Amino acid sequence: MARKFKGRIRLDIRDSKQDWPAFLDANAPKGAPNVLIILYDDTGQAAWSAYGGRINMPTLDRLAKNGLTYTQWHTTAVCSPTRSTFLTGRNHHQNGCGSISESAVGFPGYSGHIPQENATIATVPVGYADGYPRASSSRAEVLIRGRRCRVAGNVTMDQLLVDCGELPVETGDEVVLLGRQGDESIRAEDWAARLGTIGYEIVCGISPRVPRVLRRSPSP
């Protein structure tokens, strides 16, 4: 995440002073999962054959013939800005990524650093197939590192997205959907109140595919 800008901005670039060096990516930690993202770089869907364009896209053509087409594509000028939108769900200019990271400069807007006020979106492998109500989309909260984080967007069958704000999160962090973490807690009654139902419906809706672990308290 970016830090506070400590340089100097003047009308003339010769009187201005950069702050941070060009952005350099950190290496993935040992044991980090492999994630495949298919990214079409420097192109727009209007140029593709499936949408009437002149670029031959046989795979998309086959999908379109079977009735499957995609809308609401997000297109930016180059690759780095697109990656910043994946991480935050925000416009690339807001992310400080108006250009590729290799051309980053020490000024806000084109720094190659995502500013702290732009939330990072985390993926949680839980969805309505696990009994997490789809009605919780953009309404419920989870606990991460002892802080409340709001569910962002729609709950899907097998995953949900969480707006982590400025909270630094990592792969493998514990996410509490129902229960206590640190000084914060999420009760079934509180969750139900957001959805206009009762706490019993929340706990009874947890699907059989969620493992049950029975813990016995020690004898007094």
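Ignoring everything except DSSP H segments at least 4 long, calculate the 222 nm mean residue ellipticity for the chain; use -39,500 (n - 2.57) per segment, divide by total residues, nearest 500. Before the final figure, lay out each step's value.
Values: 4 runs with 32 residues, N = 220.
That comes out to -4000 deg cm²/dmol.
What does the charge add up to near G199, with Lys and Arg as +1, Asp and Glu as -1, over the other residues with Cβ less than 10 Å from its Cβ?
Once all neighbours under 10 Å are counted, the net charge is -2.
Taking every Cα atom in region 103-189, find the radius of gyration and the maximum pairwise distance Dmax, and write them in Å.
Cα radius of gyration and Dmax of region 103-189 are 15.0, 51 Å respectively.
From the residues T171, S219, G196, which one has its Cα farthest along the dipole of region 170-220 in the positive direction, the dipole being from +1 and -1 charges on Cβ of Lys/Arg and Asp/Glu about the Cα centre?
S219
If you place +1 on the Cβ of every Lys and Arg, -1 on the Cβ of every Asp and Glu, and leave all else neutral, what size is the dipole of region 116-182 about its Cα centre, to the nearest 20 Debye? Don't jump to the answer; show the numbers that get you there.
On the way: 7 positive and 9 negative charges, 59 e Å.
I would put it at about 280 debye.
So, for the chain, what is the accessible surface per residue at a probe of 1.4 Å, expressed in square angstrom? Provide the component values of the computation, followed by the final result.
Details: 15360 Å² over 220 residues.
That works out to 70 Å² for each residue.
Which one, T82, T59, T171, has the greatest fluctuation when you compute a Gaussian network model over the chain with C-alpha springs under 10 angstrom?
T59
Using R₀ = 25 Å, calculate the FRET efficiency as 1/(1 + (r/R₀)^6) where r is the Cβ-Cβ separation of K4 and R194; round to 0.05. Before the final figure, lay out the partial values.
Values: r = 35 Å, r/R0 = 1.40.
Efficiency computed from Cβ-Cβ geometry: 0.10.
Check which residues have an amide H placed less than 5 Å from G106's amide H, if you skip close sequence neighbours.
D19
Would you look at the GNM of the chain, springs on alpha carbons closer than 10 Å, and say which of D130, D12, D173 moves the most?
Its mean-square fluctuation being the largest, the pick is D12.
Could you let me know the centre-to-centre spacing of region 83-135 and region 138-199, using Cα atoms, in angstrom?
19
Roughly how many debye, to the nearest 20, is the charge dipole of the chain about its Cα centre, given +1 on each Lys and Arg Cβ, -1 on each Asp and Glu Cβ, and no other charges? Let's see the in-between values first.
On the way: 26 positive and 22 negative charges, 39 e Å.
Once rounded to the nearest 20, the dipole reads 180 debye.
Rounded to whole Hz and in sequence order, give me ³J(HN,Hα) for region 213-218 from the Karplus expression 6.51 cos²θ - 1.76 cosθ + 1.60, θ = phi - 60°, writing x for Gly and Pro.
Those phi angles translate into 10, 9, 10, 8, 6, x Hz.
Let me know the charge dipole size of region 73-194 about its Cα centre in debye, to the nearest 20, where only the beta-carbon of Lys, Arg (+1) and Asp, Glu (-1) is charged.
Numbers: 11 positive and 14 negative charges, 59 e Å.
The dipole of region 73-194 has a size of about 280 debye.
Just tell me which lysines come within less than 26 Å, Cα to Cα, of K17; anything on the same chain fewer than 8 places away is out.
Straight-line reach from K17, under 26 Å: K4, K6.
Towards the positive end of the charge dipole of region 33-133, with charges on Cβ (+1 Lys, Arg; -1 Asp, Glu), say which of I114, T71, Y51 has the farthest Cα.
Y51
By the gyration tensor of its Cα atoms, with a ≥ b ≥ c the square roots of the eigenvalues, what is the shape of region 39-123: rounded for a/c under 1.5, prolate for a/b over b/c, or oblate?
It is prolate, given that a/c is not under 1.5 and a/b is the larger ratio.
Give the carbon-plus-sulfur fraction of the accessible surface of the chain in %, rounded to a whole number; probe 1.4 Å, heavy atoms of protein chains only.
It is 53 percent, rounded to a whole number.
The values are calculated or read from the model by the stated rules, or taken from the named source; none is laboratory data. Treat the numbers as computed from the prediction; the structure is a model and nothing was measured. Cβ: placed from backbone, ideal geometry, glycine included. Neighbour counts: every protein chain shown. In case anyone asks, the SASA skips ligands and DNA or RNA and just uses the protein heavy atoms, side chains included. Shrake-Rupley method; radii C 1.70, N 1.55, O 1.52, S 1.80 Å.
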